[in-house]
Amino acid sequence: MFYTKGSGYFEEYRQKEKLSNYGIPSFTDLNGIVINSSDLVRKRWLDNDLLGILIDADHPLSRAINMQFGFAGNHYVGDHFGNVVFVKEAIPNLDKERKYYKNTGTKSDVSGYFRTNYALNNGLTFHGDIQLRNVVYAVNGIDNDLRNINIKNNNFFVNPKFGANWAFKTNQNLYASYAVANKEASRGDFIDNAFGAFPSSEHLTNLEFGYRMQKNKTSVESNVYYMMYKNQLVQTGKVNDVGAAIRINVPNSYRLGWEGSVTHQLTNYLAVHANLTLSRNKIKSFDEVIYDYTNGSGNDYHKSSEFRHFFSPSVISTLQVLVKPVKNMEAEFSAKYIGRQFLDNTSDQGRSLPAYHYENLRLSYNLKAKFSKTLSITLMFNNLFDARYSSNGYSYSYIYGSLITENFLYPQAGRNLMLGIKIGL
């Protein structure tokens, strides 16, 4: 059993806010001027409790058959509220503890599973499991933008998984699996629901086939996957007032890809590792809704062809070379490549992050010291060649006479160094 208590806040300085939005009445200052708005500081709180229990059991029926059972249950209560702790104009008797908004979210999650493994003498192993899960979710109260919230949602999920593993040689095996997973929408999906659309739970069907080989100084792994979604919650590219991503359901989408990796120990002093992922991440249809500030209405731009997923590069690759040039010294060079990523789901290159790559170099040296068992010094050269790139961001489009798109990017650090010293006592 477990219990977790959480509590915290952040403060915001706001300019020329209407006092009525915070339940503070207008007042007349010493000069006889009626004050309806003012600069202020508001404090927004989270106060939550999580209580739960986990039970697992393992029972072998024979050398070939093993069974596992499990149960999990937890109940979460989270309060969201805010106070005004400072107003620029001197308000008589300002109550800093009064909550100008408060809402409470509850989530009860109960699940159970059964899993079995069956091993044959020819190296073939079958496994299967099923999970039953019930989630009850509710939010009631007033949100920070003073909207009344009354949300209730109940989901019952059945999540099965089946698979097989065949060790056809002592150092090689093939595997395959079929799995179904369901996931409920989050609190933010209900509160910040895009265009007033009530969010639905996600349904995923996943197929995987793979191969592994470990021989002498070489290991190889290859994996093909196909993930089919119904009502996948995808990020629109926009963020809410605290920077969290806003998501919306899309009826049909998929991820199809291949992952491969190889590691080879060339000598006792040189090793190489490389991996590569190639994928297609598509939304079969997507309705982009753009607000028209000229006419004060939403405009629906329907897209009939497939579009690429938000922040889903088609190519990801890594190369690592490890060298031990002298005794007690180690050098590792690594390079990473990330393909183009889109900031929303329209496949518009004007709303994307270009492909980028960067390289790192790590140098480590172990020393002998009388005062410690081990002493090592590590020097990291991050972004060795000073690549200029952004790895994250968001996009916002609107109409004001014409279509306007604003991209907001998070630039990453250029060349930087880090020195570390590790002492083992």
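Bear in mind these aren't lab numbers, they're just calculated from the coordinates by the rules spelled out. A quick note: this is a predicted structure, and the numbers were derived from the prediction, not measured. Cβ placement follows ideal geometry from the backbone for every residue including glycine, while neighbour counts extend to all protein chains displayed.
Worth a mention:
- Prolate/oblate/rounded call for the stretch 196-246, Cα gyration tensor, a/c under 1.5 rounded: oblate
- Full extension of the chain between T170 and L276 yields a length gain of 35.6 nm, computed as 0.36 nm times the residue separation minus the alpha carbon distance.
- Sequentially through the stretch 133-140, phi angles give Karplus couplings (6.51, -1.76, 1.60; θ = phi - 60°) of 9, 10, 10, 10, 10, 8, 9, 9 Hz, Gly and Pro residues having no value and appearing as x.
- Cut-off under 5 Å, modelled amide H: who pairs with A185 long-range: S201, E202
- When both the stretch 105-137 and the stretch 318-356 are represented by their alpha-carbon centers, they are found 36 Å apart.
- Taking a point 7 Å out from the Cα of R115 in the direction of its Cβ, none of the residues of the stretch 201-215 has a backbone N less than 11 Å from it.
- In a fully extended conformation the segment linking N150 and S314 would gain 55.0 nm over its present Cα-Cα distance, using 0.36 nm per residue.
- Placing a label point 7 Å from the Cα of F408 along the Cα-to-Cβ line, the residues of the stretch 321-353 whose backbone N sits under 18 Å from it are 342-345, 351-353.
- Trypsin sites (Lys or Arg not before Pro) within the stretch 70-119, DSSP loop, no more than 16 other Cβ atoms inside 10 Å: K88, K96, R98
- Förster-model FRET efficiency, 51 Å R0, L94 and A244, C-beta, rounded to 0.05: 0.95
- Whole-Hz couplings from phi, Karplus 6.51/-1.76/1.60, listed for the stretch 100-116; x for Gly and Pro: 7, 8, 7, 9, 10, x, 10, 9, 10, 10, 10, 8, x, 9, 9, 9, 9
- With a Förster radius of 30 Å applied to the C-beta separation of S20 and Y400, the computed FRET efficiency comes to 0.60.
- Looking at the chain, the pairs of alpha carbons with a distance over 37 Å make up 49% of the total.
- For the peptides 1-14, 69-82, residues were scored by their other Cβ atoms within 10 Å and the scores averaged per peptide; the highest-first order is 69-82, 1-14.
- Residues I55 and A138, FRET efficiency given R0 of 35 Å [Cβ-Cβ distance, rounded to 0.05]: 0.85
- With the cut-off at under 14 Å, measuring from each backbone N in the stretch 396-425 to a point 7 Å along the Cα-to-Cβ line of D348 picks out 396-408.
- Modelled label positions at K324 and K43, each set 7 Å beyond Cα in the direction of Cβ, lie 5.6 nm from each other.
- Taking a straight line from the alpha carbon of K88, these lysines sit under 30 Å away, with near neighbours fewer than eight places off in the same chain left out: K16, K18, K43, K96, K99, K102.
- The simple spin-label model puts a point 7 Å past each Cα toward its Cβ; for K284 and K336 those points are separated by 3.4 nm.
- Taken one residue at a time, the phi angles of the stretch 309-320 give Karplus couplings (6.51, -1.76, 1.60, θ = phi - 60°) of 5, 3, 6, 10, x, 7, 9, 9, 9, 9, 10, 10 Hz. Gly and Pro are set to x.
- Gap separating the Cα centres of the stretch 362-425 and the stretch 48-88, nearest whole Å: 34 Å
- Restriction of the trypsin sites (Lys or Arg not before Pro) in the stretch 244-296 to DSSP coil positions whose beta-carbon has at most 15 other beta-carbons within 10 angstrom yields K284.
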